[in-house]
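Remarks on the structure that follows.
The values are calculated or read from the model by the stated rules, or taken from the named source; none is laboratory data. Worth saying up front: this structure is predicted, and the values here are computed from it rather than measured. Counting neighbours? That spans all protein chains shown, and the Cβs are built from the backbone with ideal geometry, glycine included.
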Amino acid sequence: MSTLSEVAERAGVSLATASRVLNGAAGRTVRPDLAERVQTAADELKYVPHAGAQAMARGVSNIVCLLVNDIADPYSAAVAAGIGRVATENRLLMAVTSTGSSAANRTAALQVLAAQQVRGVIIAGDAHGGNPDRAELSTCLETLRANDTTVVSIGAGEVGVASVQLPDQIGTKHLAEKLLGAGHRSFVILAGPVDRASAVQRTKAFTETVEAGGGRIVTTMTGGFDRASAEKSVHDLLGVGRLPDVIFATNDLQALGALRALRTANLNVPHDVGLAAFGDSGALSDAVPGITSVSVDASLAGELATRLVLGDENVAPEPVVPHEVRMRESTRN
């Protein structure tokens with residue numbers, strides 16, 4: 001394996017110059033012609049920079065870490081795919097860790113990452129927890145930023161960090177308008193956790209739009225953001241009386257859990273009850289019947305978040321991920 005000294009010798013530059021080009025150095029630049037000579041020599045010699053040396057020179061490593069609530073969630077996988085594309089383009093390494101939605105667990109993971117001097121942290125999914133846990137999380141985020149680690153939140157996440165905005169409110173509003181326009185008038189909401197900002201925003205927007213449009217919310221059922229919780233909620237709903245026109249699930253996993261519960265009860269979607277959701281992972285379009293949903297490009301959200309980490313000037317400070325309401329068989333009258 002070649003050494004940095006061999007690269008410097010072939011390029012005809014000093015060891016310090018070669019190090020600045022290949023390892024980086026905060027506040028120091030190298031003339032473009034010299035940088036090109038060093039990079040050419042490194043490529044010819046198949047030189048591999050030392051990650052520790054790069055981190056020391058730059059103050060941060062070449063690692064971008066994604067924190068998700070549930071690594072098995074299709075949304076998390078799509079975000080990771082977008083991050084991975086941009087990371088590969090820029091010779092960065094992506095790491096992924098699953099912390100659940102606990103603020104305390106998230107803080108513990110961030111403390112480890114701070115010690116690793118990672119280049120950036122991307123947080124996908126909001127956290128819940130009491131005031132002490134939230135305060136400790138905020139302090140940890142401040143520490144990361146003070147040590148030149150860029151923190152980006154996707155969605156209704158952490159206050160005080162860069163963010164990629166999801167269409168939680170406007171997308172849900174457009175879905176409700178489409179459902180009303182299709183003739184649906186009564187709805188049940190599977191709202192998810194009461195202390196998750198994204199769930200609260202989607203529930204609020206759907207409720208306000210339905211009521212303003214002459215529809216009725218039969219009931220709002222809180223619980224988890226997972227299949228099992230939604231399945232239980234639908235079983236409970238079936239035990240108390242008449243079904244609504246449409247059940248709205250505030251995320252994909254809840255929609256899949258609701259569909260399973262309805263099938264178990266020998267109910268047909270959409271003839272007995274309609275079903276709609278937010279997120280539109282591949283699982284919803286592949287389901288039978290296909291489930292109506294607010295389609296959000298989670299992969300694009302991951303790309304935008306990574307470009308914010310890299311300081312890409314072509315990305316707006318708080319970009320908004322576009323959405324599309326996709327009406328499918330699950331809500332046909």
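The number of residues in region 136-160 that are polar (S, T, N, Q) and assigned to a strand (DSSP E or B) comes to 2. Scanning region 126-143 for residues that are at pLDDT 80 or above and either among the charged types (D, E, K, R) or within 18 Å of Leu66 (Cβ to Cβ) (or both) returns Glu136, Leu137, Cys140, Leu141, Glu142.
Pick from Val79, Val68, Val86, Val21: which is at pLDDT below 85 and either in contact with a Gly (Cβ under 8 Å, 6 or more places away or on another chain) or crowded, with 18+ Cβ neighbours inside 10 Å (or both)? Explain how you work it out, then say what you get.
Values: Val79 fails: at pLDDT below 85; Val68 fails: at pLDDT below 85; Val86 fails: at pLDDT below 85.
Val21 is the lone residue from the list that is at pLDDT below 85 and either in contact with a Gly (Cβ under 8 Å, 6 or more places away or on another chain) or crowded, with 18+ Cβ neighbours inside 10 Å (or both).
For region 298-325, filtered to residues that are crowded, with 18+ Cβ neighbours inside 10 Å and charged (D, E, K, R), the residue that is farthest from the chain's Cα centre (by Cα) is Arg307.
With respect to Ser163, is the statement that it is part of a helix (DSSP H, G or I), of a type outside the set (Asp, Glu), at pLDDT below 95 and under 19 Å from Val321 (Cβ atoms) true? Before the answer, list the steps.
Details: part of a helix (DSSP H, G or I): no; of a type outside the set (Asp, Glu): yes; at pLDDT below 95: yes; under 19 Å from Val321 (Cβ atoms): yes.
Criteria not met by Ser163.
When the criteria are applied in full, Ala156 meets the requirement of being closer than 30 Å to Thr209 by Cβ, modelled with pLDDT under 85 and among the hydrophobic types (A, V, I, L, M, F, W, C). In summary, Pro289 fulfils each of the numbered conditions (1) within 22 Å of Ala77 (Cβ to Cβ); (2) touching a Lys or Arg at 6+ places or on another chain (Cβ under 8 Å) with the single exception of condition (1). The set of residues in region 301-331 that are more than 30 Å from Gly274 (Cα to Cα) and part of a helix (DSSP H, G or I) comprises Gly302, Glu303, Leu304, Ala305, Thr306, Arg307, Leu308, Val309.
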